[in-house]
1. Rounded to two decimal places and with Rh computed the Kirkwood way over Cα pairs, what is Rg over Rh for the stretch 73-201?
2. Whenever you get a sec, line up Arg228, Arg158 from highest to lowest accessible area (probe 1.4 Å, protein heavy atoms).
3. Modelled label-to-label distance, Lys62 and Asp45, 7 Å Cα→beta-carbon offset: nm?
4. Give the aspartates and glutamates reachable from Lys49 as a straight Cα distance under 15 Å; neighbours fewer than 8 places away on the same chain don't count.
5. According to the square roots a ≥ b ≥ c of the eigenvalues of the Cα gyration tensor, what is the shape class of the stretch 89-147, taking rounded for a/c under 1.5, prolate for a/b larger than b/c otherwise, and oblate for the remainder?
6. Starting from the amide H of Met141, placed 1.01 Å from N in the peptide plane, find each other amide H under 5 Å away whose residue is 5 or more places distant or on another chain.
7. Which helices of the chain meet both criteria: a Cα extent of 20 Å or more along the helical axis and a mean Kyte-Doolittle score no lower than -0.5, with helices taken as whole DSSP H segments?
8. Which cross-chain or sequence-distant (5 or more) residues have an amide H under 5 Å from the amide H of Ser315, H modelled 1.01 Å from N in plane?
Amino acid sequence: MIFLDHNATTPMLEVARDAMSDILDKPLNPSSVHGCGRMARSYMDNARKQIINMLGVDSRDKQYNLTFTASGTEANNLILNNYAGGDVFISSTEHASVEMPAKMMPNTYILPVTESGILDLELLDRALAGSSARKKLVSVMLANNEIGTIQPLKDIVRIAHKHGAQMHSDIVQAAGKWSINLVDCDLDFASISGHKFGGGVGCGALIAKANLHIQPTILGGGQERSTRSGTENVLAIVAAGAAAEHCQHNLDQRVEYLSCQRDYLEQELKSKFSNVQIVNEGVERLPNTTALIVPEKSASLMVVALDLQGIAIGSGSACSSGKVSKSKVLAAMGYDDSLIESAIRVSVGMQTTRNDIDAFLDAFASVIS
Ligand code: PLP
């Protein structure tokens, strides 16, 4: 199988696998008082530092706290649910794990994006100015999972803070593929997910400024400084920590490698297929993501036909049942339904070779002909 769906998940990095396999047979419950518990706590503390450092924060400064969760989805739900009584402002292209909890709240404002998928900053400014709520949260993702577009986070934070709102960003897709500095951006909260940067499934995290209290939504034994109860998944956490450290130290090479593969793919697509449209070409995007539209071809049929030829790609937004649903991101950007139904996503990873891309291009040619 040639795997070109790295935004869905990406294989574990070797360092993450090694870190996990080194402790696979140990009884690791960080709440235990005995030596094994202490060992588990020290593994977790180390992983916490590795992940915080990846986000441009010196973990020794203790400016941010990190709460481990089971997934990026849980981290997003945790922060959104903390603002249930306040006004919540999100963009129209957020991941379902931000959008759905936000929509459960009475005072959520979904703000439009421009035709390139960038949040309309003027409208954000006006919407916040009209809010008299005591508690206000703006939640805007750094990089979009379907089209890779990067939001001007610093500007968004500045506007949010000007109006007394706190700022959360879902940085799940950006971590490991884009330079992130929470301090520089002055972000209040961020969510990450280990399996998107080579740490394997089972570890997410909510990172919060140390002076901002998070109300738990899962109660029990009081783990994670009582912010999220439940015995921590030490194996996944250690793997995510190792992957984070690797991504931090190799970010430039990673970005260069991914953009080189992605640029090759896009050049070949443009030169070989005159009818193919690349979404947001020329707009600042993740280095590994290409969303493309093949007018009059069905996305689901293209995905299935490529799958039959041993090539895995994504389409619109694949929902949990494995079915293909209509991309609300492209809809929010103003694309016609007919084009949305013809949109597929190719996302390359560190394992992707030029041969893989050539194989995709050959299969793609036969599928659309
Ligand atoms: N946020 C974004 C932007 C994502 O792409 C995803 C997963 O696709 C998530 C959140 C959810 O992360 P997880 O799979 O860890 O629940």
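The values are calculated or read from the model by the stated rules, or taken from the named source; none is laboratory data. Since this is a predicted model, take the numbers as computed values, not measurements. For neighbour counting, all protein chains shown are included, and Cβ atoms are generated from backbone atoms with ideal geometry for every residue, glycine included. Heads up: the accessible areas ignore ligands, DNA and RNA and are worked out on the full protein's heavy atoms, side chains in. Shrake-Rupley method; radii C 1.70, N 1.55, O 1.52, S 1.80 Å.
1. 0.94
2. Output order, biggest surface exposure first: Arg158, Arg228.
3. 1.2 nm
4. Leaving aside aspartates and glutamates fewer than 8 places away in the same chain, those within reach of Lys49 are Asp58, Asp61, Glu224, Glu245.
5. Oblate.
6. So Met141 has HN proximity to Ser91, Asp170.
7. 234-249, 354-368
8. Here the answer is Arg345, since their amide H atoms fall under 5 Å of that of Ser315.
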